Amino acid sequence: MLATSERIELIDYADQVGNMVLESDVAEYYRDCLYKLRTSQETQLKIARFVKLKDQYEDVQRFGKYHPDYKSIMKNIREAKREMDLDDHVAEFKRAENDLQALLDQISMLIGHSVSIHVKVPTGNPFFDSGSSCGGGCGSGGSCGCSA
């Protein structure tokens, strides 16, 4: 690959966009929420309990309703998941994660459409994929009907 001045400019622009994202309020909020999530002892206990129960749940799934502890494990996993999801730090982190993903999706759409309006940018977000002819199903092995 030849290093032309145009390619070097593109790399510089890409670095600038990356730095702008890293320095954005959305990314800062995400990092702040992640820090709170990781440093809250109560939140970490809820997550650890859920992960432990998830391992039991996967074991139960092999046998289904015929597993001797099926009902109790299913009840416990739902309770632990709800308790974890209702934790303030987990909920705030999920919101921050969605906001950061939305920012990245917007940037991807702008870059893709600056090349051509026909460029398909799979974002996984129906709001952005609605303008694309494939509808965001390109990850499903071509079942979306596009030629990707």
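Before moving on, here are some points about what is shown:
- The stretch 69-88: number of residues that are in contact (Cβ under 8 Å) with a residue 12 or more places away in the chain, surrounded by 14 or more Cβ atoms within 10 Å (Cβ to Cβ) and either over 25 Å from Leu34 (Cβ atoms) or under 17 Å from the mean Cα position of the chain (by Cα) (or both): 3
- Taking the stretch 8-33 as the range and being in contact with a Phe, Trp or Tyr (Cβ under 9 Å, 6 or more places away or on another chain) and either more than 22 Å from Gln106 (Cα to Cα) or aromatic (Phe, Trp, Tyr) (or both) as the test, only Tyr30 passes.
- Any chance Leu45 is surrounded by 12 or more Cβ atoms within 10 Å (Cβ to Cβ), within 20 Å of Leu100 (Cα to Cα) and modelled with pLDDT of 95 or more: no
- Where a residue in the stretch 13-32 is under 15 Å from Ala102 (Cα atoms) and its partner, wherever it lies, is at pLDDT 95 or above and of a type in the set (Asp, Glu), with Cβ under 8 Å and at least six apart: Val26/Asp99; Tyr29/Asp99; Tyr30/Glu97; Tyr30/Asp99
- Where a residue in the stretch 96-117 is of a type outside the set (A, V, I, L, M, F, W, C) and its partner, wherever it lies, is part of a helix (DSSP H, G or I), with Cβ under 6 Å and at least six apart: Asp99/Val26; Asp105/Phe128
- Cβ pairs under 8 Å, 6+ apart, first in the stretch 57-68 and within 17 Å of Ala80 (Cα to Cα), second modelled with pLDDT of 90 or more and of a type in the set (A, V, I, L, M): Tyr57/Ile73; Tyr57/Met74; Tyr57/Ile77; Val60/Ile73; Val60/Met74
- For the stretch 63-84, a residue qualifies if it is closer than 17 Å to Lys52 by Cα and either out of contact with any Phe, Trp or Tyr (no Cβ under 9 Å at 6 or more places or on another chain) or among the basic types (Lys, Arg) (or both), and the qualifying residues are Asp69, Lys71, Ser72, Lys75, Arg78, Glu79, Lys81, Arg82.
The values are calculated or read from the model by the stated rules, or taken from the named source; none is laboratory data. Computed from a predicted structure; not experimentally measured. Cβ sites come from the backbone with ideal geometry, for glycine too, and all protein chains shown count toward neighbours.
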